[in-house]
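Some notes on the structure that comes next.
The values are calculated or read from the model by the stated rules, or taken from the named source; none is laboratory data. Values in this document were obtained by computation on a predicted structure and should not be read as measured data. Using ideal geometry, Cβ is built from the backbone for each residue, glycine included, and neighbour counts are taken over all protein chains shown.
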Amino acid sequence: MWWKEAVIYQVYPRSFQDTNGDGVADVEGVRRRLPYLKSLGVDAIWLSPFYKSPMKDFGYDLADYCDVDPIFGTLQDFDRLLEEAHALGLRVLVDLVPNHTSSEHPWFLESRASRNSPKRDWYIWKDPAPDGGPPNNWQSFFGGPAWTLDEATGQYYLHQFLPEQPDLNWRNPEVREALYEVMRFWLRRGVDGFRVDVLWLLAEDLLFKDEPGNPDWRPGMWDRGRHLHIFTEDQPETYAYVREMRQVLDEFSEPGRERVMVGEIYLPYPQLLRYYQAGCHLPFNFHLIFRGLPDWRPENLARIVEEYESLLTRWDWPNWVLGNHDQPRLASRLGEAQARVGAMLLFTLRGTPTWYYGDEIGMKNGEIPPEKVQDPAALRQKDRLGEHQLPPGRDPERTPMQWDDTPFAGFSTVEPWLPVNPDYKTRNVAAQENDPRSMLHLVRRLIALRKDPDLLYGAYRTYRAREGVYAYLRGEGWLVAINLTEKEKALELPRGGRVVLTTHLDREERVGERLLLRPDEGVVVRLD
Ligand code: ISL
């Protein structure tokens, strides 16, 4: 099945390639860069939202599910991109944002118009608490209460994100059918599937009780962490909704042309894995991001992989991620040398990898001067906490793609919406194409190597996970050994073999039963 063998590449549409000189990238820019994506060897592209939107959350606030925002282009541009991608053998996944719309979506305008509106029940409206305050203590992901009062009708509406992102009421079958029609709209156009936004948050408990306090919360942690989320996350109804979405996908699937659902789900494994049973092809496994990167030791990484591997049934296909548009850049979290090691890990584990644009050249978090901060998550904190506490937000990982060393990095002809990282002069695609030992070449080699049937489908077994070295076996003859330290390490191999790839890209040689790993080196060994 294609999605088991695929590498998915995430494009953040605002930041990939501008073609009309407005400083914001566009759909046409993705089309023009298809040859690059093809040369990288990826199989599928996932596009974050490019739909009509007031852009309060940069597209995750949709005012029209079935049209392209003019800043990104037109539906015709999208059709052309899709056609050319398919001609090159690249699949295209689009973002589906079912949990909330923009407050400017016609559905919400109708819903808020009056308490008797036929669409009143399309969103979640509640009377104020007896003191006039919000109905309960639920907090928004972006800080502050998850409820906003609509003065005109005297009720609060729920928004787990911005006040400009009201939550749809998924218990209402009309809402569900409307979203399934949205899916059909894009499936008929030919998309290969969806990355579904906040899939684990679709339903809320009907009693709307206060969330209990989180005993682990400490000052400095984010607001929403003050409480547990037992009434807003992972509710039983969600599984039924996932099943229904899967049916819509199956209406359009044929052998070799399965339309797939990738689910954004931040949950512990036992809960996460239940989304497979509900029919989600790839419930995102973010554990390397939120447990691995902060504690980059072999013992920890092996635990993360083994727990997952031991819980998966043979119907569940694994997947791995190291970065996305909500998380600090891989190369900033691990440093340049270990980012290469991280890439080797991601592409040699069992399961479908998803790769974030720019990580293949080791792009780092951009430095965003306070007056240029755009991310609403950061700006809301600033309003509440004051300038001096301004958290970095998510802009640093969304800076323009660094194509070459010309002004604005070949991204645009004008000042881009977020500053280009100044390191673009030396860190860019063109420079790395010319450097045979660059991270770009490493990623390309890893993606190509991953096509080996044993690396795709072979079993995973931990070989060693201690003293800075993490080594594992894949299938019959592969051994991957990564050195997570800056010190030289030695590893006894089960038998001799051949180093076929090193993160340093400078040796391919026979090894005996003793493998020497240089500082920050990862190697893939083909055992005899
Ligand atoms: O960024 C996060 C964790 O580090 C999350 O809080 C994130 O906001 C959450 O996972 C939901 O993300 C998705 O939905 C949001 C949107 O802002 C994010 O960009 C998107 O990935 C609302 O649609």
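Here are a few things to note about the model shown:
- Members of the range 214-233 found to be over 22 Å from the mean Cα position of the chain (by Cα) and aromatic (Phe, Trp, Tyr), listed by number: 217, 231
- If you go through the range 106-136 and keep only what is within 30 Å of residue 280 (Cα to Cα) and out of contact with any helix residue (DSSP H, G or I) (no Cβ under 9 Å at 6 or more places or on another chain), you end up with 106, 124.
Let's see how each residue does on (1) within 30 Å of residue 306 (Cβ to Cβ); (2) within 16 Å of the ligand (Cβ to nearest atom):
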site: 394; (1), (2): no, yes
site: 400; (1), (2): no, no
site: 412; (1), (2): no, no
site: 420; (1), (2): no, no
site: 434; (1), (2): no, no
site: 442; (1), (2): yes, no
site: 453; (1), (2): yes, no
site: 460; (1), (2): yes, no
site: 463; (1), (2): yes, no
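- Of all residues in the range 152-195 being in contact with a strand residue (DSSP E or B) (Cβ under 6 Å, 6 or more places away or on another chain) and acidic (Asp, Glu), the one that is nearest to the ligand (Cβ to nearest atom): 167
- Taking the range 54-101 as the range and being part of a helix (DSSP H, G or I) and aliphatic (A, V, I, L, M) as the test, the residues that pass are 75, 81, 82, 85, 87.
- Listed by first and then second residue, the pairs linking a residue in the range 22-50 that is outside any helix (DSSP H, G or I) and modelled with pLDDT of 95 or more to a residue that is more than 16 Å from the ligand (Cβ to nearest atom) and charged (D, E, K, R), with Cβ atoms under 6 Å apart and 6 or more places separating them unless they lie on different chains, are 23/415; 25/18; 41/444; 44/91.
- Looking only at the range 102-135, residues that are among the hydroxyl-bearing types (Ser, Thr, Tyr), under 14 Å from residue 174 (Cβ atoms) and assigned to a loop (DSSP other than H, G, I, E, B) come to 1 in all.
- When the range 196-246 is filtered for residues that are of a type in the set (D, E, K, R), within 26 Å of residue 282 (Cα to Cα) and away from the ligand (no atom under 16 Å from the Cβ), the ones remaining, listed by number, are 205, 237, 243, 244, 246.
- Residue pairs whose Cβ atoms lie under 9 Å apart, sitting 6 or more positions apart in sequence or on different chains, and linking a residue in the range 256-284 that is without any contact (Cβ under 8 Å) to a residue 60 or more places away in the chain to a partner that is assigned to a loop (DSSP other than H, G, I, E, B) and of a type in the set (S, T, N, Q), are 269/285; 272/285; 273/313; 276/313; 277/313.
- Residue satisfying condition, being at pLDDT 95 or above and exposed (fewer than 14 other Cβ atoms within 10 Å of the Cβ), within set 211, 151, 204, 164: 151
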